[in-house]
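Take a look at the structure set out below.
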Amino acid sequence: MWKRNNLPNETEPEKKENQGISPSLSENLSKLRILFKDNDSLKIREFRTKGKEPYLCAVVYLEALTDDTALSECIIKGIMNGQPTSPASPADDIYKNFCFEGDLALKDKYDDAVLEIVSGNSVVFVDGASKVLSADTKGWKSRSISEPEGEKSLRGPKEGFTEKLTDNIAMIERRLCTPDLKIKYMKIGRRSATKIAVCYLESLIIPEVLEELYKRLEKIDIDAVLESNYLEAHIADKGYTAFKTIGSTEKPDVVTGRMLEGRIAVLTNGTPEALTAPLIFIESFQASDDYYTHYFASNIGRLLRILCFFLTISIPAIYVALLTFHKQMMPANLTLSIITARQGVPFPVIFECISLLVVFEILRETALRVPSTVAQAFSIVGAIVVGNSAIEAKLVSVSMVIIVSLTSLTGLMIPRLSPAVLVYRTLFIILAGILGLYGYIIGIFIMFTNLLSLKSFGINFLSYMVRPNEYMLQDVYVRLPWQHITKRPGLFTHNITRQKKTK
Amino acid sequence: MKKTAKVLFVSALLILQLFSLSGCFDYSDVESEMFVTGLGIDCTEGGECKYLISVEIASFTNTRDSSVKSKVISAEGDSLMESFQSLIAKSSKMLYFGHCQTIVIGENVAKQGITNVLDFVFRYEFLRLSMFVIVAKDCKALDILSSKSDGNTIISYEIADTMKASENEIGIAKGTSVFELLNQINNISKCGVTPVFVKDENNKKNENDKKGDNDENKENNEKGENDEGNTHSLNGIAIFVKDRLKGYLGKNQSVFCLLASDGMKKGVLTCYIPSHHQMMSVRILRSSTDISFDVSDGHPEITLKIKTTVTLLEIPPEISLKKPEYNVIIQKDISDFISENVYILVRDTIERYGADIFGLSDEIHKKNTDYWEENQADWDEIIKSIKIKTVCDIAIEGSGITNDKIYEG
């Protein structure tokens with residue numbers, strides 16, 4: 001399904017009616033040569049079949065995207081060795097009798113043929129035929145499967161998605177050997193024609209959610225989709241929030257796990273990451289390790305992640321509030337230690353706090369951008385040398401460095417929430433600096449109001465976290481041993497029985 | 001439109017709340033304030049009494065040395081507020097009382113009445129009512145605040161720590177906060193107690209040697225530089241009748257005072273064992289006191305039933321706790337010792353100071369209201385002749401980690 005909507009944009013090429021294929025080979029080829037003028041990547045190879053009345057053929061392809069061996073062995077060799085049997089419909093004859101290529105299709109529209117060429121397929125034009133043959137002879141190098149850097153796990157599968165859609169689909173199909181698994185392809189992007197795949201387990205999903213997803217995807221009218229985030233922003237319920245309402249993961253096992261709970265996955269060609277919907281807030285604190293390791297360890301990890309979320313947004317704000325408004329609330333000895341450490345620091349606490357957090361963000365961003373060989377040395381220089389020098393120079397206090405380090409460390413535990421953490425942490429610090437703890441509490445109210453107003457495909461974002469329910473006890477704040485997780489979260493599926501109780 | 005109005009309404013509500021919450025705009029940088037850790041209140045000597053206010057403030061150094069020192073600054077004034085104003089004028093920064101933990105009242109002030117002081121502390125919004133109140137015996141409050149520290153470089157915090165240790169471990173005196181003292185002297189008995197601190201007698205010589213220096217440094221004493229100065233120690237409790245200091249109880253008596261007034265958490269008691277003519281020490285683990293009141297033949301009688309659980313710490317060598325008869329003897333000896341001493345203390349305090357610091361009047365008021373209302377007017381006289389009975393029930397819960405004699409001589 002390729003959307004060919006016209007935008008009222010003057011820069012867009014003028015769209016003509018999708019014409020049929022001309023029976024004249026030379027006419028078709030000359031049209032193509034004009035269309036692909038100045039594109040040296042386009043190759044046209046003319047040849048003919050055997051026999052007394054051979055078919056005149058020409059294969060058109062983009063050199064860089066085509067596997068030469070597949071083209072010559074399966075297409076050219078097959079056609080050249082073929083004996084024509086049905087001169088009235090040569091394209092059908094070749095389709096049925098000549099080619100060894102498995103993924104072969106007949107197209108009868110000119111624009112479809114062009115799209116096949118730009119997608120990397122080889123298109124065979126036959127003289128006298130008003131149809132063309134499109135063969136999947138794509139062939140280009142892709143990255144090998146490796147463990148995703150952002151979602152490392154102690155135990156469990158180490159493979160992660162790559163940029164190649166078919167490889168990613170294969171990783172899912174290998175895990176779900178059931179005809180219940182449905183994969184629907186779409187193309188989005190007027191210029192990029194990016195192939196995306198919508199994957200789900202038919203018996204588990206709620207059909208309305210799938211329908212809504214298709215509706216939102218079909219509405220997208222963009223010139224190119226270079227990464228799945230282009231789609232994420234379009235299909236999310238509310239565009240303007242710091243919290244992500246569409247899930248994403250680089251791991252096929254995680255996608256499979258989510259699909260088994262009734263969620264739908266969207267894979268995008270060229271993106272080593274899958275989107276999953278709907279998303280609820282608690283998913284941000286769940287990791288694949290939680291399900292592969294002993295439940296004690298996984299529960300401690302999960303509770304720590306929840307705690308760290310509140311710590312990372314609250315620690316600097318509470319510190320600023322206590323030190324500027326509520327000094328009497330701190331133990332006396334702690335207050336005295338902090339003041340001793342602050343002796344000689346020329347900046348107010350709030351300025352010191354925000355500037356140190358900005359410096360940390362700069363360090364983090366720089367370490368991310370520089371080559372990995374330099375990054376480690378850079379981190380050490382940044383964190384130790386600069387930090388230590390700043391303390392020596394009395395630009396910042398030791399206690400503030402500890403606070404910011406703790407804030408950053410706890411923030412790294414929940415990378416999926418990093419945009420929200422950054423926004424709300426800063427908001428809280430500013431409010432706490434102006435109004436003290438009262439400001440911090442206002443900030444908390446603002447955050448929870450935002451969280452409570454969010455929905456993901458009509459499902460409340462804070463589902464399962466607020467109102468007690470059966471599933472909450474199985475796999476929300478803590479995960480029970482596998483034999484006790486008998487239910488699926490009922491919000492995403494009508495089929496909630498995951499397994500029968502064995503013990 | 002409706003949504004915008006809703007958002008505006010909620011925002012307005014949030015902002016309006018700001019005005020109802022006082023204290024939200026008291027932003028102050030920590031560097032712009034001086035941290036007062038303790039407060040001393042004295043009367044100047046001779047002639048008309050002027051207040052001498054001393055504050056111990058944390059002194060921070062801008063060096064690698066991270067230890068916090070303290071110094072004492074003092075100022076005089078006709079009123080407490082005037083003294084405070086003079087203090088603020090003297091110091092380069094504003095005084096911050098949020099972490100002030102101890103208020104030391106000089107003997108002179110205590111004798112003249114502490115109503116003014118408590119009233120001021122109660123009204124002055126920067127002072128905390130949870131501060132410990134202590135009385136400086138035979139010296140000024142300034143002397144206690146300026147004394148040498150044994151470990152903690154801040155004297156006021158050291159005093160607060162001593163109070164906590166005394167209450168929870170050694171059982172000499174219970175820490176009294178400002179609001180507790182206010183409650184006590186506003187109670188029916190109109191009597192209160194506070195711990196008493198003295199300048200350490202062992203350093204009397206040092207004190208005399210340093211007297212000249214102290215006079216010079218009276219208004220600005222750096223503690224760290226006064227390492228050879230006096231120390232201080234907890235010395236019992238002070239008895240207040242109404243708002244005036246009437247007398248003191250020593251360390252030994254104050255243990256019985258805590259036992260009589262149901263204020264003992266844990267403590268150590270050294271008792272005389274008449275059966276062996278020796279002293280022994282016990283650790284009090286738990287203690288509760290029940291006060292009952294009865295009138296027989298028109299004569300009121302108060303019974304103090306003290307129920308105490310102890311563990312034996314130091315016992316005479318010839319006693320073997322494996323023999324049950326010894327247990328009975330020791331139990332009786334300790335019980336008699338406590339009963340007798342509590343009786344003497346209660347009787348003596350009432351007769352000597354006219355002070356009911358044990359809460360007897362309160363109990364009678366609560367348990368026998370009719371009698372109280374009838375005799376309230378003459379109570380001060382009645383209590384002096386009231387019959388007092390003390391009963392002590394001792395439970396011995398072991399003896400350290402062994403019941404054996406460690407040496408068979």
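No lab work stands behind these numbers, since they all come straight from the coordinates. In this text the structure is predicted, and so the values were computed from the model without any measurement. Ideal geometry is used to build each Cβ from the backbone, glycine not excepted, and the neighbour counts take in all protein chains shown.
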message = Using 5 Å bins from zero, what percent of all Cα-Cα pairs in region A:171-211 falls into each bin?
response = 6, 19, 24, 19, 17, 10, 4, 0
ask   = What's the center-to-center distance, using Cα atoms, between region B:133-195 and region A:49-104 in Å?
value = 104
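Grab the Cα-Cα distance for residue A:149 and residue A:216, subtract it from 0.36 nm times how many residues apart they are, and report the gain in nm with one decimal. Intermediate values should be presented prior to the final figure.
On the way: separation 67, 0.36 × 67 = 24.12 nm, distance 3.06 nm.
Going from the current span to full extension adds 21.1 nm.
Relative contact order of chain B, please, whole-number percent, based on alpha carbon pairs below 8 angstrom and at least 6 residues apart.
13
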ask   = Which stretch or stretches of region A:138-171 have amide N atoms under 20 Å from the point lying 7 Å from residue A:118's Cα along the Cα→Cβ direction?
value = A:138-140, A:165
inquiry  = Give me the one-decimal nm value for the distance between modelled label points at residue A:130 and residue A:386, 7 Å along each residue's Cα-to-Cβ direction.
reply    = 6.9
query = Taking the alpha-carbon set of region A:337-383, what are its Rg and Dmax in Å?
reply = 14.2, 40
note = Most exposed first, judged by fewest Cβ atoms within 10 angstrom, B:296, B:399, A:146, B:74 run B:296, A:146, B:399, B:74
key: 10 Å Cβ shell holding at most 10 others, DSSP loop, GluC sites (Glu not before Pro): longest site-free stretch of chain B   = B:126-317
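If the only charges are +1 at each Lys and Arg Cβ and -1 at each Asp and Glu Cβ, what is the size of the charge dipole of the protein assembly as shown around the Cα centre, to the nearest 20 debye?
On the way: 104 positive and 116 negative charges, 726 e Å.
In debye, rounded to 20, the protein assembly as shown gives about 3480.
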remark   = Diffing region B:115-125: the Karplus 3J(HN,Hα) column from phi (6.51, -1.76, 1.60, θ = phi - 60°), in whole Hz with x for Gly and Pro, holds 4, 4, 5, 5, 4, 5, 4, 5, 8, 6, 5
message = With 10 angstrom as the radius, rank A:187, B:322 by how many other C-beta atoms surround their C-beta, starting from the fewest.
response = B:322, A:187
task = Indicate, rounded to the nearest 5 percent, the antiparallel portion of the DSSP beta bridges found entirely in the protein assembly as shown.
result = 80
inquiry  = Relative contact order of chain A, please, whole-number percent, based on alpha carbon pairs below 8 angstrom and at least 6 residues apart.
reply    = 13
Under 5 Å, built H, 5+ apart or other chain: amide partners of residue B:239 = B:246, B:247, B:248, B:249
query = Roughly how many debye, to the nearest 20, is the charge dipole of chain B about its Cα centre, given +1 on each Lys and Arg Cβ, -1 on each Asp and Glu Cβ, and no other charges?
reply = 1140
key: When region A:240-365 is reduced to its Cα atoms, the Kirkwood hydrodynamic radius in Å   = 18.4
query = Over chain A, one equal point on each Cα, no solvent: what is log10 I(q)/I(0) by the Debye formula at q = 0.08, 0.11 Å⁻¹?
reply = -0.68, -1.04
Under 22 Å from the Cα of residue A:141 - lysines, other chains or at least 8 residues apart = A:43, A:158, A:164, A:187, A:195, A:251
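Between residue B:397 and residue B:67, what FRET efficiency follows from the Cβ-Cβ distance if R0 is 41 Å, with the result rounded to 0.05?
Rounded to the nearest 0.05, the efficiency is 0.45.
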message = Relative to 2.2 N^0.38 Å, what does the C-alpha radius of gyration of the protein assembly as shown come to as a ratio? Two decimals please.
response = 1.48
note = Expected sort for A:430, A:79, A:318 with the fewest Cβ neighbours (10 Å cutoff) up front is A:430, A:318, A:79
remark   = Rg from C-alpha atoms of chain B, normalised by the globular rule of thumb 2.2 N^0.38 Å, equals 1.20
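Which value, in debye to the nearest 20, describes the size of the charge dipole of region A:378-487 about its Cα centre when Lys and Arg Cβ atoms bear +1, Asp and Glu Cβ atoms bear -1, and nothing else is charged?
200
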task = Work out the FRET efficiency for residue B:278 and residue B:44 from their Cβ-Cβ distance, taking R0 = 60 Å, and round it to the nearest 0.05.
result = 0.75
Region B:253-400 - Debye-derived log10 I(q)/I(0), Cα point model, q = 0.13, 0.18 Å⁻¹ = -0.61, -0.99
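So for region A:173-304, what are the equivalent ellipsoid semi-axes in whole Å, largest first, each being the square root of 5 times an eigenvalue of the Cα gyration tensor?
26, 18, 14
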message = As an exercise, use a Förster radius of 56 Å and the Cβ-Cβ distance of residue A:402 and residue B:314 to find the FRET efficiency, rounded to the nearest 0.05.
response = 0.75
ask   = Residue by residue through region B:70-87, which ³J(HN,Hα) values in whole Hz follow from phi under the Karplus form 6.51 cos²θ - 1.76 cosθ + 1.60 (θ = phi - 60°), with glycine and proline marked x?
value = 9, 9, 10, 10, 10, 7, 9, x, 6, 10, 5, 5, 5, 4, 4, 4, 5, 4
inquiry  = How high is the relative contact order of region B:253-409? Use alpha-carbon pairs under 8 Å, at least six apart in sequence, and give a whole percent.
reply    = 31
remark   = So the compactness index of region B:159-202, its C-alpha Rg divided by 2.2 N^0.38 Å, takes the value 1.32
inquiry  = Taking a cut-off of 20 Å, what percent of all Cα-Cα pairs in region B:277-358 are separated by more than that?
reply    = 48
inquiry  = Binning at 10 angstrom from zero up to the longest distance, how are the C-alpha pair distances of region B:326-393 distributed in percent?
reply    = 19, 41, 25, 12, 3
Vicinal HN-Hα couplings computed from phi for region A:476-483 (Karplus, 6.51 cos²θ - 1.76 cosθ + 1.60; Hz; Gly/Pro x) = 10, 6, 10, 10, 6, x, 3, 5
message = Let me check I have the definition right: for region A:217-266, take the eigenvalues of the Cα gyration tensor, multiply each by 5, take square roots. What are those semi-axes in whole Å, largest first?
response = 21, 14, 11
